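The values are calculated or read from the model by the stated rules, or taken from the named source; none is laboratory data. Bear in mind that the values here come from a model prediction, so they are computed numbers and not experimental data. Heads up, the Cβs are rebuilt from the backbone with ideal geometry, glycines too, and the neighbour counts pull from every protein chain shown. With ligands, DNA and RNA removed, areas are computed over all heavy atoms of the protein, side chains included. Shrake-Rupley method; radii C 1.70, N 1.55, O 1.52, S 1.80 Å.
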Amino acid sequence: MAENENPYGELLKFAYWVPNVSGGLVTSKIEQRTDWGYDYNKELAVLAERNGFEYALTQVRYTASYGAAYQHESTGFSLALLLATQRLKVIAAVHPGLWHPGVLAKFVASADVLSGGRAAVNVVSGWFKDEFTGLGEPWLEHDERYRRSEEFIRVLRELWTDDHAEFRGDFYRIHDFDIKPKPLTGPGRPHPEIFQGGNSTAARKLAGRVSDWYFSNGKDFDGFTEQVDEVRGYAAEHGRTVRFGLNGFVIARDTEREAKDVLREIVEKADTQAVEGFRGAVKQAGKSTSDGKGMWADSEFADLVQYNDGFRTGLIGTPEQIADRAIEYKRRGANLLLLGFLHYHEDVEYFGRNVLPIIREKERDLDRGAATPEPVGSLS
């Protein structure tokens, strides 16, 4: 187990995937009492911040595809949720190549001021080739997309913090540029937080060099530990620290049997055509890397029914079992868990009422040095 550089006294943070895309968070024909519209999401955002969630992440899709026929654009939707809430920080997923970093920096600065300093971005290096080619934009090879993302992040940071921004790279050039208002600043927050995901070596090195947060797709304990250790090593080479978020899909029920039955039904009722279409589109992203570490490179059909491998994290069972796993991920370096749910309103409220209090009690046990129970293992 990797040593957690962060003190156990820092509470584990929670984020939720915003269902601003139709079809819910699983590509399945199971009933999902979740809606992609604004009224539903506005109510959900308020409910989530009342139930212990600090962050929300808006998804980014540009074309109808793979069970997601409708979608709201991420940055505009994020601003709407920021204005509907009081404490929730909203992370907008954005694509370099479809955004110019100067234009995005201006938008986010305004959103940050309007929301009292709660805007953030998740820089997505691109994984649906058809979204770029369909819009007539060039599709870069894998490692080139991450080189562009690094310049994109550096430009964002420069524009947010310097009155005479300068940058000269292979993809972007900025000369004596000033945006005002600047985003709000505060202790430990010199600019809006920059999140970034990916699984490849290029993604991990990018996080070590420039990102504030590294998002991991769903992973078991060993898989997550391996990512944390490697990213921390790259960050240390540059005198930096990086925080870690982990994707997971939560099925919390009163009994383990109930939770596993829900998982079984989700997979049995999978929209096979949509999952296989998604699988074909994203497999090239993982296999295009030189070392085979790309996202979804080793994902099986059942993993992709939750399209960010959320089942792999194993947050499925009773509140006690889920809390045990959450604490073990914290011990291994997780600062934040990014969660998806089947029936969002009911499940978020259940999580806040029944799961989160147990996690907080176990965190107090960690502070006191008390032993923690062995986390729940196999989901079979």
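Rank 164, 109, 138 by how far each Cα sits towards the positive end of the charge dipole of the range 77-175 (+1 on Lys, Arg Cβ; -1 on Asp, Glu Cβ) and give me just the farthest.
Checked the options; the winner is 109.
Once the other residues with Cβ under 12 Å from the Cβ of residue 351 are scored (Lys, Arg +1; Asp, Glu -1), what is the net sum?
0
What is the chain by shape, rounded, prolate or oblate, if you read a ≥ b ≥ c off the alpha carbon gyration tensor as root eigenvalues and call it rounded for a/c under 1.5, prolate for a/b larger than b/c, and oblate otherwise? Don't skip to the answer; put the middle values down first.
On the way: a/c = 1.42, a/b = 1.27, b/c = 1.12.
In terms of gyration-tensor shape, rounded.
Sorted by mean Cβ packing within 10 Å, highest first, what order do the peptides 179-188, 89-98 take?
On the way: 179-188: 12.3, 89-98: 23.1.
Most protected by this proxy first, the peptides run 89-98, 179-188.
How much area per residue is accessible in the chain when the probe is 1.4 Å and only protein heavy atoms are counted (Å²)?
Numbers: 15250 Å² over 380 residues.
With all protein chains present, the chain gives 40 Å² per residue.
Quick one: which of 13/219; 42/89; 89/180; 13/180; 29/260 span more than 23 angstrom between C-alpha atoms? Walk me through the intermediate numbers first.
Numbers: 13/219 18 Å; 42/89 14 Å; 89/180 21 Å; 13/180 31 Å; 29/260 17 Å.
Exceeds cut-off: 13/180.
Please give the net charge around residue 49, taking every other residue with its beta carbon less than 11 angstrom from that of residue 49, where Lys and Arg add +1 and Asp and Glu add -1.
Counting the neighbours of residue 49, the net charge comes to +3.
List the residues whose amide H sits under 5 Å from the amide H of residue 338, counting only those 5 or more places along or on another chain, with H placed 1.01 Å from N in the peptide plane.
15, 246, 247, 248
Between residue 122 and residues 5 or more places away or on another chain, which pairs have amide H atoms under 5 Å apart, with H built 1.01 Å from N, and which residues are they?
The list, which skips near neighbours in sequence, is 92, 93, 94, 195.
May I ask you to derive the FRET efficiency for residue 175 and residue 255 from their Cβ-Cβ distance with R0 = 56 Å, giving the value to the nearest 0.05?
Numbers: r = 63 Å, r/R0 = 1.12.
My answer for the efficiency is 0.35.
Can you order the peptides 203-215, 69-81 by their average number of other Cβ atoms within 10 Å per residue, highest first? Walk me through the intermediate numbers first.
Values: 203-215: 23.8, 69-81: 19.8.
Top to bottom by mean Cβ count within 10 Å: 203-215, 69-81.
What are the ³J(HN,Hα) couplings of the range 78-88, residue after residue, when phi is run through the Karplus curve with 6.51, -1.76, 1.60 and θ = phi - 60°? Round to Hz, x for glycine and proline.
With coefficients 6.51, -1.76 and 1.60, one gets 4, 4, 4, 6, 4, 6, 8, 10, 10, 10, 5 Hz.
Roughly how big is the chain's charge dipole about its Cα centre, with Cβ charges of +1 (Lys, Arg) and -1 (Asp, Glu), in debye to the nearest 20?
Numbers: 47 positive and 58 negative charges, 108 e Å.
The calculated dipole for the chain is roughly 520 debye.
If you take the square roots of the eigenvalues of the alpha-carbon gyration tensor of the range 1-150 and sort them as a ≥ b ≥ c, do you get rounded (a/c under 1.5), prolate (a/b over b/c) or oblate? Walk me through the numbers before you get to the answer.
On the way: a/c = 1.41, a/b = 1.18, b/c = 1.19.
In terms of gyration-tensor shape, rounded.
Just going by the charge dipole of the chain, with Lys and Arg at +1 and Asp and Glu at -1 on Cβ, which of 217, 96, 274 is farthest out on the positive end?
96
Please sort 224-230, 23-29 by packing, taking for each peptide the average over its residues of neighbouring beta carbons within 10 angstrom, highest first. Please report the intermediate quantities before stating the final value.
Working: 224-230: 19.7, 23-29: 22.9.
Output ranking for 224-230, 23-29: 23-29, 224-230.
Quick one: what are the phi-derived ³J(HN,Hα) couplings along the range 342-352, Karplus 6.51/-1.76/1.60 with θ = phi - 60°, whole Hz, x for glycine and proline?
For the range 342-352, the Karplus curve yields 7, 10, 4, 4, 5, 6, 5, 5, 4, 4, x Hz.
Taking the Cβ of residue 126 as the centre, find all other residues whose Cβ is under 13 Å away and add up their charges (Lys, Arg: +1; Asp, Glu: -1). Show your work: numbers first, answer last.
On the way: positive: 61, 129, 145, 147, 148; negative: 130, 131, 137, 141, 143, 144.
Once all neighbours under 13 Å are counted, the net charge is -1.
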